[in-house]
1. Could you calculate the contour length gain from SER157 to PHE115, that is, 0.36 nm times the residue separation minus the distance between their Cα atoms, to one decimal place in nm?
2. Size of the dipole of the range 95-230 about the Cα centre, Lys and Arg at +1 and Asp and Glu at -1 on the beta carbon, nothing else charged, in debye to 20?
3. Once phi is turned into ³J(HN,Hα) by the Karplus curve 6.51 cos²θ - 1.76 cosθ + 1.60 with θ = phi - 60°, what whole-Hz value does each residue of the range 190-204 show in order, with x for glycine and proline?
4. Looking at the range 66-155, which GluC sites (Glu not before Pro) are DSSP coil and have at most 12 other C-beta atoms within 10 Å of their C-beta?
5. Is the shape of the range 118-230 best called rounded, prolate or oblate, per the rule: a/c under 1.5 gives rounded, else a/b larger than b/c gives prolate, else oblate, with a ≥ b ≥ c the square roots of the Cα gyration tensor eigenvalues?
6. Could you check the spin-label model distance between ASN43 and LEU72? Points 7 Å from the Cα along Cα→Cβ, value in nm.
7. Expressed in nm to one decimal, what extension gain is obtained for the pair VAL95 and ASP201 from 0.36 nm per residue of sequence separation less their Cα-Cα distance?
8. With contacts defined as alpha carbon pairs under 8 Å and 6 or more residues apart, what's the relative contact order of the range 110-194 in percent?
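The values are calculated or read from the model by the stated rules, or taken from the named source; none is laboratory data. All values derive from a computational prediction rather than experimental measurement. Here the Cβ positions follow ideal geometry from the backbone for every residue, glycine too, while neighbour counts run over all protein chains shown. The accessibility values were calculated without ligands, DNA or RNA, using every heavy atom of the protein model including side chains. Shrake-Rupley method; radii C 1.70, N 1.55, O 1.52, S 1.80 Å.
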Amino acid sequence: MKLNQKINSRLLIGSLILFMSCMDPIEEPPDQYSEYSEIILYNPDDGVKLGVQGIYTTYGFKRDPFTSRHRLRAGYYFATGGYDINYDARFARIVVKYSLGVGAWFTSPNYAQNFFGLGNTTSNPNRDENKNFDFNRVKLSRIGAEVGLVRESPFGSFFSYKASFESVEVEETGDRFIDEYYIEQVNQPEKFERQYFFGLDGTYRYESYDDRLNPTNGMRFELSIGAKMN
């Protein structure tokens, strides 16, 4: 199996993405291959993000549409100094037509997401009060894992049933919107303690396109039902 190196670049509104991927199975048998990619992204919220991804896929007797696939992703955010690591894997047809899906994720204590409050009437302090971007950044330490059954049909349907467990800690940084929200607005300072969540969810998705890489006509429908307990 011969695969050539691919280099793509694209410009999105408000973000510059440089995407490079390479599949290099030179010393591997034709029933498996490895792939890696690099991404450079910029937006005002995260600053410059440097990301990498590696995928290892095998093709054996049982396929859905592959026998197994391991994917590892990592990203570093220069504006906050935070990073995240995500892993997921799928093993084909473990239970009849369903494959086994597993995943895990980790974020550093200074990994950040924006929070402006709840509802449709929230304001933007960056614009209205001349606050800097750090004011709405929330430092989140997340560690979690999930396991479940997955089925992907050749006609565009996707089924997933998973159980998950996650530990989340919100940092009380001081002089930020999240501190005002938990302490002054809702009076729940205990939310800054590490929280643990157990969840169950099911997902059905249907996709159909005339050309998946460059679609001009198609549709996507997704329905998810689930619950989490703290």
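1. Difference between extended and current length: 11.7 nm.
2. The dipole of the range 95-230 has a size of about 560 debye.
3. Per-residue couplings from phi come out as 5, 5, 7, 7, 5, 10, 10, 10, 10, x, 10, 8, x, 9, 10 Hz.
4. In loop regions of the range 66-155 (DSSP not H, G, I, E or B), the sparsely surrounded GluC sites (Glu not before Pro) are GLU129.
5. Verdict is oblate for the range 118-230.
6. Taking the two extended label points, one gets 2.7 nm.
7. Extra length available between VAL95 and ASP201 comes to 36.3 nm.
8. Working: 113 pairs, mean separation 22.9, N = 85.
Reported as a whole number, the value is 27 percent.
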